[in-house]
Amino acid sequence: MQPNVPICSLCTEPAVIYQRHEDRHLCGTHFTADVKRRVADIITIQKMIVPHDRVAVALSGGKDSTALLLLLNNLLPQWHDVRLVAITIDEGIGGYREDTIKSAEQVTGRLGIEHHCISFSDLFGDSLDTILQGRETQACSICGILRKKALVVGAGQAGATKLATGHNLDDEAQSVLMNVFRGDLSRLIRNSSIGSSGKFIPRIKPFSLISEKEIALYLMLNDAWCELPECPYTRYALRREVRSMLSGFEYKHPGTMLHLIESKEKIERCGKGSVNLEPLRSCRECGDPCSGDLCQVCLLRQSSGH
């Protein structure tokens, strides 16, 4: 045993992580088991996956979605007649997306999981790089709208009953804070898995209580870590600033991100029945469910002249 190496709180093995909010050290074996248990628990408690589901995993090829596919595949024997399929979106981002698509193809090939790839060029007529010419500062907003549409199309083509995304605790906490900053109460309490009445495929987020740091360590311990480039458009994102700020708060005040998620859940419960959300309608152009006359994709096409 190396000197000054912390010992796992559950055994005598050297620890690989200190969970500050739990005030405990865990070795690789107990950490991996802990992540698996927590993900299985949230899936069970929230009934994210039920027998006979066909779960489409939004697989970008990056760390979060790769870890999600690996873990769901590991949990698969626990569920009756549940199948996985992976959906990768090729936005057409030069010098970036090629590497992540290759990573996605490698992991699905290794696991033997059906893999579908949907490209912006095929779906919208142009790559994201082309669409963003002259409005790069709007990159994340525009990409987010088009990616959501592409994932829905891909999941529908794959016959999926659920769409699983790799959004982690950090992502969810950042979203809460961003919606508070924007004063967007309706988006803050919106839940895409409830009240769809079959109008869209419910989205599930099994990693919503697992931190980004824990996901990275999970991949390393499972020999699945891969260095990949960062999307070149992230420099324009508000989320990048919020991420940096929130990381600082979490370091100084462990549990900050969990408390933000808990606050969101309390607001959802308090707002239930008292906040008038726009009822779902059908887009008059494409027929997709939306809150207004036009869905976000059609509004975007209208504003860009496409």
message = Regarding the range 86-93, can at least one residue be identified that is over 21 Å from PRO232 (Cα atoms) and at pLDDT 95 or above?
response = yes
Unmet requirement for LEU146, which otherwise passes all of (1) farther than 14 Å from ILE89 by Cα; (2) in contact (Cβ under 8 Å) with a residue 40 or more places away in the chain = (1)
task = Working only within the range 218-259, note down all residues that are assigned to a loop (DSSP other than H, G, I, E, B), in contact (Cβ under 8 Å) with a residue 40 or more places away in the chain and either within 21 Å of THR66 (Cα to Cα) or not assigned by TED's automatic domain parsing to the domain that holds LEU72 (or both).
result = ASN222, ALA224, TRP225, CYS226, LEU228, PRO229, GLU230, CYS231
key: Unique residue being surrounded by 18 or more Cβ atoms within 10 Å (Cβ to Cβ), closer than 24 Å to ALA224 by Cα and modelled with pLDDT of 90 or more when the list is ASP171, ASP99, ASP129   = ASP171
task = Quick one: which residue in ILE215, ILE201 is in a loop (DSSP other than H, G, I, E, B), in the same structural domain as ALA164 (by TED's automatic domain parsing) and either of a type in the set (Ser, Thr, Tyr) or touching a Lys or Arg at 6+ places or on another chain (Cβ under 8 Å) (or both)?
result = ILE201
Checking ARG38 against (1) surrounded by 14 or more Cβ atoms within 10 Å (Cβ to Cβ); (2) at pLDDT 95 or above; (3) more than 19 Å from the chain's Cα centre (by Cα), the condition it does not meet = (3)
query = Does any residue in the range 5-22 that is under 14 Å from LEU217 (Cβ atoms) and touching a residue at least 60 places away in the same chain (Cβ under 8 Å) come within less than 6 Å, Cβ to Cβ, of a residue that is of a type in the set (A, V, I, L, M) and in a strand (DSSP E or B) six or more places away or on a different chain, and which pairs are these?
reply = ILE17/LEU26
remark   = If we keep only residues of the range 136-168 that are in a helix (DSSP H, G or I) and among the small types (Gly, Ala, Ser), then the residue surrounded by the fewest Cβ atoms within 10 Å (Cβ to Cβ) is GLY144
inquiry  = If I filter the range 55-76 for residues that are touching a Pro at 6+ places or on another chain (Cβ under 6 Å), in contact (Cβ under 8 Å) with a residue 24 or more places away in the chain and not basic (Lys, Arg), do I get at least one hit?
reply    = no
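The values are calculated or read from the model by the stated rules, or taken from the named source; none is laboratory data. These figures come from a predicted structure and were not determined experimentally. Virtual Cβ from ideal backbone geometry, glycine too; neighbours counted across all protein chains shown.
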